[in-house]
Amino acid sequence: MVGTQLRDTAQELAAVLWREHTVYRERSGGMVIRGEHVRRWISLAPAGGRDEILVRAGRILDGGTTAPARSEAVVPLSAGTGVLAATCRRLLADAAADAARPAPDREAAGRPRASRKSRKPRKSARRNGGGRHTGFSSWVILVCVAGVIALFAYSSAMHG
């Protein structure tokens, strides 16, 4: 019953929020409303209370993947589409504000920025001489395998 009511609520809410939208069910049973043209998404899921839903909002990244939710709220399902739409608009505004905020400057955060010229070339993680050359232990294993094959072939030829 909750799943049907949640789906109907998501359809109504999507029509109120955006003209262009996609509504689908999540694996966890919640409903997602995607607004590709505004690059935002809204998720509706049953919350801890009987008549409550958890509303989450986030951004759609380049390539169509979704960023994690930046804001969420619990709303009574009986509150109606208007209250739910107002809550969603507030959450979407929060998500848009997070997207518009510039990333913190590394120097301001107390970490000096390394220039490209000062970087040392990375050393290879290989300990067997580096590069693409076969190490000593690999040669020992190859010789042992070849010896076992030769011994098998010799014993098969002799006992035939």
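Checking residue 97 against (1) modelled with pLDDT of 75 or more; (2) in a helix (DSSP H, G or I), only one condition comes out false. Which one?
Unmet for residue 97, out of (1) modelled with pLDDT of 75 or more; (2) in a helix (DSSP H, G or I): (1).
Would the stretch 56-67 turn up any residue that is open to solvent by 60 Å² or more (accessible area, probe 1.4 Å) and modelled with pLDDT under 70?
Taking every residue of the stretch 56-67 in turn, none turns out to be open to solvent by 60 Å² or more (accessible area, probe 1.4 Å) and modelled with pLDDT under 70.
If residue 118 passes every condition in (1) out of contact with any Ser or Thr (no Cβ under 8 Å at 6 or more places or on another chain); (2) open to solvent by 70 Å² or more (accessible area, probe 1.4 Å); (3) at pLDDT 80 or above; (4) outside any strand (DSSP E or B) but one, which one does it miss?
(3)
Might you check whether a residue that is surrounded by 14 or more Cβ atoms within 10 Å (Cβ to Cβ) and either among the aromatic types (Phe, Trp, Tyr) or touching a Pro at 6+ places or on another chain (Cβ under 8 Å) (or both) occurs anywhere in the stretch 26-33?
Within the stretch 26-33, one or more residues are surrounded by 14 or more Cβ atoms within 10 Å (Cβ to Cβ) and either among the aromatic types (Phe, Trp, Tyr) or touching a Pro at 6+ places or on another chain (Cβ under 8 Å) (or both).
The values are calculated or read from the model by the stated rules, or taken from the named source; none is laboratory data. In this text the structure is predicted, and so the values were computed from the model without any measurement. Using ideal geometry, Cβ is built from the backbone for each residue, glycine included, and neighbour counts are taken over all protein chains shown. Side chains are part of the model used for accessible areas, which takes the heavy atoms of the whole protein and leaves out ligands, DNA and RNA. Shrake-Rupley method; radii C 1.70, N 1.55, O 1.52, S 1.80 Å.
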